[in-house]
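Here the structure is laid out as structure tokens; the discussion comes afterwards.
All of the numbers you see were taken from the coordinates with simple rules; none came from a lab. Here the structure is a predicted model, which means the values were calculated and not measured. Note that each Cβ is placed from the backbone with ideal geometry, even for glycine, and that neighbours are counted across all protein chains shown.
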Amino acid sequence: MAEIKRSAGLLLFRRTAAGTEVLLGHMGGPFWARRDAGAWSVPKGEYEGGEEPWDAARREFREEVGLPAPGGVPLPLGEVVQSGGKHVTVWAVEGDLDPADMVPGTFTMEWPRGSGRTAEFPELDRVAWFGLDAARDVVVAAQAAFIDRLAERT
């Protein structure tokens, strides 16, 4: 039986005159380069069984966004199972940051596929603030539940 892959993430949110906004990251790499809808995600990443999910969420935020995870009171948004079977647990934290300050982490993969050459790509190629309705339109389908859960609590 295959081991369940687990990820943990932080959904940063802020309150503005226009309403609540969330910070999402556009997935990096050539597969996502020309996509928008469904190509944005909560900054998150995988963790192993020995690591606490909350600690992993904070670590992954720093790795993917390149900025320290914000302080503040974590608001648990629960778990979803994405279409590929990965279990994702997310916390919301109120805070603010300038997307221009992002310094993304990177990953290496063979590209083009089958070429034998490797290239380095950003884990997230950009981050941006979205109103809740706009966020639902661009986020990975299963993660829209986190936007809904945050909306119920803010």
Helix 144-153 against the longest principal axis of the chain: what's the angle in degrees, Cα atoms only, rounded to the nearest 10?
20
Can you match mean projected area of the Cα convex hull in nm² to one of these, [x] 8.3; [y] 10.0; [z] 10.9, based on a calculation from the structure here?
[y]
List, in order, the whole-Hz ³J(HN,Hα) value for each residue of region 24-29 obtained from phi through the Karplus relation with A = 6.51, B = -1.76, C = 1.60 and θ = phi - 60°; use x for Gly and Pro.
10, x, 7, 5, x, x
Amide H neighbours of Val90 under 5 Å, counting only residues 5+ apart in sequence or on other chains, H built in-plane at 1.01 Å?
Gly9, Leu77, Gly78
How big is the dipole moment of the chain about its Cα centre under a simple scheme where the beta carbon of each Lys and Arg is +1, that of each Asp and Glu is -1, and everything else is neutral? Debye, nearest 20, please.
300
For the chain, what's the relative contact order in percent, using C-alpha pairs closer than 8 Å and at least 6 residues apart?
32
What FRET efficiency would be calculated for the residue pair Glu52, Leu97, taking the C-beta separation as r and a Förster radius of 25 Å, to the nearest 0.05?
0.60
For helix 53-65, what angle does its Cα long axis make with the longest principal axis of the chain, in degrees from 0 to 90 and rounded to 10?
70
What list of ³J(HN,Hα) couplings, whole Hz, do you get for region 97-112 from phi and the Karplus terms 6.51, -1.76, 1.60, once you set θ to phi - 60° and write x for glycine and proline?
7, 8, x, 5, 7, 4, 10, x, x, 10, 9, 10, 8, 6, 8, x
Total charge of the residues flanking Leu75 in space, meaning their Cβ is under 10 Å from its Cβ, with Lys and Arg +1 and Asp and Glu -1, is +1
So how far, in whole Å, is the C-alpha centre of region 9-63 from the one of region 74-143?
4
Can you find, among Phe130, Thr118, Val93, the residue sitting farthest towards the positive end of the charge dipole of region 92-154, where Lys and Arg contribute +1 and Asp and Glu -1 at Cβ?
Thr118
Cα→Cβ-extended label distance, 7 Å offset, between Thr118 and Glu3, nm
2.1
